[in-house]
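The values are calculated or read from the model by the stated rules, or taken from the named source; none is laboratory data. Predicted, not measured: the structure shown is a model, and the values here were computed from it. Ideal geometry is used to build each Cβ from the backbone, glycine not excepted, and the neighbour counts take in all protein chains shown. Keep in mind that these areas ignore ligands, DNA and RNA; they rest on the heavy atoms of the full protein, side chains included. Shrake-Rupley method; radii C 1.70, N 1.55, O 1.52, S 1.80 Å.
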Amino acid sequence: MSHNMYRAVEGDVKVFLVNDTSDDSNWGGRATSEALRELIAEVGGTVSSTLYQYAFSTPQAIDRSGQSECQRSGADEDVAPSHWDEFEACAQSVMKGEIFSELAMAIGQCDVVLINGEGCIYDRTRQSRMIFFIAYLSKRFFAKPTALVNHSIVMNDPVLADIARHVYPLLDDIVFREPDSARACPVDRGRVAADAAYLYEPESVESWTMTSHGADHAAYGKGATFDPSSPYACIGGGSVYFRGLRRDFDAVPGLIRLCQALLDSVGQVVLTASSDKDLRIMAPVATRLALPLADATLPIQQAVDLIGHAELYIGARWHPSIFAHRGGTPVIALSRHTPKMDAFLRQAGMPSSHLDPFSIEEQLDDIMKNVHRHTQAGKRGRESWRSGAVRLAETARENVRIVAEC
C-alpha cells in the first residue's frame, strides 16, 4: 500500500496543519489528510497542532473570548471576517486576545503553517474566507512560513476574488492540485503538484482478488453478489446533486437506467458512496437492482483497490477519480456543473465528457459510447493512464516543500 511507503517519524519542524479533512467520513478527505501527514513526517516535520475543517467552516463558541457572556446577552454574530476590508481589524482583535485565541496559540507555537485547501475554496463560504484569513494572520502578524497547498479554487465570487488577490502575494508557497486553478489564480503566483491522495495505489490484482473474497466481500456487497475477479464497473455520485441546483430532481431513475446498461455491457456494477450524502441516491438504486454498495465507512486502501481495479469509473467525485487513475481505470466524468472534474480529466490526459449529471437518461447513448471506447482500449489504455498517474504521484511531495526547507 503506497500510504505505508512513508515512514512516519517525528521531526524537528513543528507544523500547524490547517483544514485537516479527516474529520469527514468522505474517502477523499481521509485519504488526502492522511497522505499529507505522512509526507510531513517523511521530510522531518511533526504535526504539532491541527485545525479540522468542521472546527472553522462554521462558527464555534470558542471563536470569541468571553463567549459565555456574549451568549447570555443574546449576541451570536460570526466573528470571522466577511470581506477583505475586515481582515486587518479582525487580525488586530486576535492579537488582543479577543477572538480566535486557540488559533493564535497554535500559530504562535509552530514553525510552519501548512494549509490544506483541497476543493474548499469557492463561493463566499466561511471556510473559504477563513482559509485566507488564517494565511494572512500567520504571515502578516506572526511572520510564520506559510503555505497554501493541495488546493483548487473557483473564483466565482467577487468578494472571494478580492480576498485572494490580497492574500496570495503574502504567502511563501502556493501549490495548486491541478493547472486549471493555477490559471484561475487572480495573481501570477503558485505552481502545480498532484493531490496528496495520488500517493495511494491499488494492491496487485492477485492480492486484491484474494483479500476481497470471504469476510471482506460483505464489506462491499452488503450481501449482494460481487466477484472481484470478473469485470465490473464502479458508479459514484457527486456533490453536484446536493447543492440545490435542481431541488426537485430525482437522480435515482437515471442511475438505474445507467446501471442496467452497464450490467449488459460490462457484467457487474458496484455502487460507491464515497460521501455519506451519496447514500441518498445510491442506496435506493442498490436496493432496487440488488447491487453491491461500498459506502464511506470502507477503509481507504480497500476503496482504492475497488475503484483502481474496475473496468471504468463513472461519477462526479474528485478523489475516487484519483483512485481510478492510480490503477489505470478510465474515468467517465459527469462534469457539467462541476469544474473540478473537467480539471481532473485535463490533468489526467483523459477525454473530456461534458456529460450532465442531471440528464443521464437523455445522454445514456453518449455515456455508453464512452464506455465501449474505454473498454476496447483494454490493457494498453490502462497502462497509459496508470503511467501518467505514477508521474503525477511523484510530484505530490511538492505540497510539503516548505516543511522540507525549514
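As I understand it, the value is the acute angle between the Cα axis of helix 252-265 and the longest principal axis of the Cα atoms of the chain; what does it come to in degrees, rounded to 10? Its long axis makes an angle of about 50 degrees.
Amide H contacts of ILE332 (H built 1.01 Å from N, in plane; Pro and chain starts excluded): TYR313, ILE314, GLY315 sit under 5 Å, all sequence-distant by 5 or more or on other chains.
Toward the positive end of the charge dipole of the chain, with +1 on the Cβ of Lys and Arg and -1 on the Cβ of Asp and Glu, the farthest Cα among GLN376, GLY28, ALA294 is that of GLN376.
Is the shape of the chain rounded, prolate or oblate, going by the alpha carbon gyration tensor and its root eigenvalues a ≥ b ≥ c, with a/c under 1.5 for rounded and a/b larger than b/c for prolate? Please list the in-between numbers first.
Details: a/c = 1.94, a/b = 1.66, b/c = 1.17.
Prolate.
The amide H of CYS120, built 1.01 Å from its N in the peptide plane, has SER152 as neighbours under 5 Å, considering only residues 5 or more places off or on other chains. The long axis of helix 318-327 is offset from the longest Cα principal axis of the chain by roughly 50 degrees. Taking GluC sites (Glu not before Pro) across region 279-364, the ones in a DSSP loop with at most 15 further Cβ atoms lying within 10 angstrom of their Cβ are GLU361, GLU362.
With a simple spin-label model that places each label point 7 Å from the Cα along the Cα-to-Cβ direction, the separation between VAL390 and ARG373 comes to 2.6 nm. Given a 1.4 Å probe and the protein chains as shown, ARG391 ends up with an accessible area of around 150 Å².
Build a GNM of the chain with springs between Cα atoms under 10 Å apart, and of GLY315, GLY378, GLY45 the one that fluctuates most is GLY378. Normalised by the number of residues in the chain, the mean separation of alpha-carbon contacts (under 8 Å, six or more apart) gives a relative contact order of 16 percent.
Cα centroids of region 239-302 and region 352-397: 18 Å apart.
Relative to the longest principal axis of the Cα atoms of the chain, the long axis of helix 364-393 makes an angle of roughly 50 degrees.
Want the number for LEU263 to ASP276: 0.36 nm per residue separation, take away the alpha-carbon distance, what's left?
On the way: separation 13, 0.36 × 13 = 4.68 nm, distance 2.46 nm.
Once the chain is fully extended between LEU263 and ASP276, it gains 2.2 nm.
Mean separation of Cα pairs under 8 Å and 6 or more residues apart, divided by the residue count, gives region 288-398 a relative contact order of 24 percent.
Lys/Arg Cβ at +1, Asp/Glu Cβ at -1, dipole of the chain taken about the Cα centre: which of SER230, MET95, LEU364 is farthest positive-ward? So the residue we want is LEU364. Pairs of lysine residues in the chain that meet both criteria, 8 or more places apart or on different chains and Cα atoms under 20 Å apart, total 7. These residues, PHE249, PHE56, go from largest to smallest accessible area, 1.4 Å probe, as PHE249, PHE56.
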